[in-house]
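The values are calculated or read from the model by the stated rules, or taken from the named source; none is laboratory data. Worth saying up front: this structure is predicted, and the values here are computed from it rather than measured. Please note: Cβ atoms are built from the backbone with ideal geometry, for glycine as well, and neighbour counts cover all protein chains shown. Areas reflect the complete protein model, heavy atoms only, side chains present, ligands, DNA and RNA absent. Shrake-Rupley method; radii C 1.70, N 1.55, O 1.52, S 1.80 Å.
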Amino acid sequence: MSSSAAVAVNELVVRRGEHRVLDGITFDASAGDFVAVIGPNGAGKTTLIKALLGLVSCDRGSVRVFGTPPPETDPDLVGYVPQIKTLDRSFPARAADLVLTGLRHRWPFYTTTTEQVRAEEALERVGAGALADRALSTLSGGELQRVYLARSLIRTPRLLVLDEPATGVDAAGATDVYGLLEDYQAAHQATIVMVTHDWNAAYHHATHALLIDAQQISFGPPPEALDERCLRKAFGHIGHAHAMLHTVPPHD
Amino acid sequence: MIEVLQLPFMQRALLAGVLVGGLASYYGVFVVQRRLSFLGIGLSHAAFGGVALGLLLGTNPMWTALPFTVVVALGIDAVTQRGAVSGDTAIGVFFSVAIALGVVFLALKDTYTADAFAYLFGSILGVRPVDLWIIGGITVGTLAVVPLWGRWAYATFDRDLAQADGVPVRRDDALFSVFLAVTIVAAVKIVGIVLVAAFLVIPAAAARLTTSTFHTMTMVAVILGIATAVGGLAGSYALDIPSGATIVLTQAVVFFGAFLLRGGERG
């Protein structure tokens, strides 16, 4: 485990009551790495994300983000894109308000012109410039995802943590999201940790895959970490996504 | 109408109504957006236990209701944070215990206490100078925590997002509970236990219907809370009907007005 690692997780155990939600997870990720976290429902993927963000505490083992335990990590180093299904749609807000929380670390009471411009620029970078003054409650899943992405990127984080960013987004939209992530990563040498259900995307976009089902099944370059034996162990069966792995041409 | 304002009890009523109307509406926007109406109802009923304790001890019931309700609020907060039971269950347990204690306190007092009923339905015209000092203190305290609006709003929108961004959400929640509890006790004096929830919920809900950002919702709610207190008090004087209830009915008129207004533009 190198000291320069953006993320270093060692033998992490998180319990809920007697149940081990995460049981012995070990991996690390450095600048330029793109780690796809994959596993069946209830595998602890979101809990792992929460451990990286300092939202749950570890019962054993350790989590270090840029060398510090997550609750003490400078929030400016980390951009977080939550699952959009957790959004409270009744909350009165414009898209730009949410984007600006990425700069302010507070909900904005007033917005200066400079801030409004920065929010609009951040939205434009993710192809959502027109959304700045739209009410959050009127946005589609794909649009919201872009607003959250703009919010996380406005602070130019060195680590991006995403929880199922492509869920509820159509295939073309998902491709765009991966394109945006790769562009950002290329420009800033950032680290990406992303929970996804999409094995195919993991296979083609990630540098590493972390396959978990409470316990760690594999970690490594996707062709090895997502081989048939590992996937069968995690999911019990493979279904047709496995067939797709072989039919889609390798990413160039 | 103007000369009635020369009367000291009317001046105190107006000042108390304006301050409590504004305070309750300010905390009400968080109560409404966090879906904590039941906490408002629970804490106002819990205040009954504190009021009864004051009557038993023969002191101003405000002095006992304030710490009593704060303790109940922190108890609900602590039990909920542990995650063992859900928030509404914790509220249900604490508020029935507080009421049961209140009933016991009243029974222990050997003389009949009509005073307890004043707290069930409020007595804005019976606000004493000491009550005003208490309400003034709560107002000053609230002004001191107004800078936390951005953190509270952030955690109201998404607790995890705020916490991941370094907001101390647990400490903020506890502080919010304390301020909510003391505001509710002040409102109990004015509108009474059974109608306090209206002060918290109705102006904020009306504001929610007419605004599209959280900061305008906050400002509109506070303005409505103050305006309906003044309007309700004037109406109750003009029509010679109970003040607390008239303020609540005034709030309700504003709410349904906002609802109808909004219904026209919304599909």
Per-residue average of Cβ from other chains inside 10 Å of A:75-84: 2
Accessible area buried at the A-B interface, both sides summed, 1.4 Å probe (Å², nearest 100): 2200 Å²
Three-way shape call for region B:1-73 based on the alpha-carbon gyration tensor, with the a/c threshold at 1.5: oblate
Shielding score for A:101-113, defined as the mean number of other chain Cβ atoms within 10 Å: 5
Proximal lysines relative to A:LYS50, as straight alpha-carbon distance under 25 Å, when same-chain residues fewer than 8 apart are discounted: A:LYS85, A:LYS233
Residues of type lysines that B:LYS109 reaches as a straight line, Cα spacing below 25 Å, ignoring anything fewer than 8 places off in the same chain: B:LYS189
Cβ neighbours within 10 Å from other chains - mean over B:155-163: 6
Derived scalar couplings ³J(HN,Hα) [region A:51-58; Karplus, 6.51 cos²θ - 1.76 cosθ + 1.60; whole Hz; x for Gly, Pro]: 5, 5, 8, x, 8, 10, 9, 7
DSSP-defined antiparallel bridges as percent of all bridges, the protein assembly as shown, nearest 5: 55 percent
Percent carbon-and-sulfur accessible area, region A:7-246, ignoring ligands, DNA and RNA, probe 1.4 Å: 50 percent
Chain B - mean residue ellipticity at 222 nm from DSSP helices (-39,500 (n - 2.57) per run, n ≥ 4, rounded to 500): -27500 deg cm²/dmol
Chain B, accessible area per residue, ligands and nucleic acids excluded (1.4 Å, Å²): 42 Å²
Accessible area (Å², per residue) of region A:7-246, counting only protein heavy atoms and a probe of 1.4 Å: 40 Å²
Over chain B, relative contact order from alpha-carbon pairs under 8 Å, at least 6 apart, %: 31 percent
DSSP-defined beta bridges in region A:7-246 - what % are antiparallel, rounded to 5: 55 percent
Burial of 10 Å² or greater, region B:3-42 residues [accessible area, probe 1.4 Å, versus chain by itself]: B:GLN33, B:ARG35
Cα centroid separation, region B:94-139 to region A:116-168 (Å): 50 Å
Amide H contacts under 5 Å for A:ASP163, placed H, 5+ residues apart: A:VAL81, A:GLN83, A:VAL195
Residue-by-residue Karplus 3J(HN,Hα) for region A:194-210, coefficients 6.51, -1.76, 1.60, Hz, glycine and proline x: 9, 7, 8, 9, 9, 4, 4, 5, 4, 4, 9, 10, 8, 8, 9, 10, 10
Where trypsin sites (Lys or Arg not before Pro) fall in DSSP loop in region B:208-267, at most 10 other Cβ within 10 Å: B:ARG266
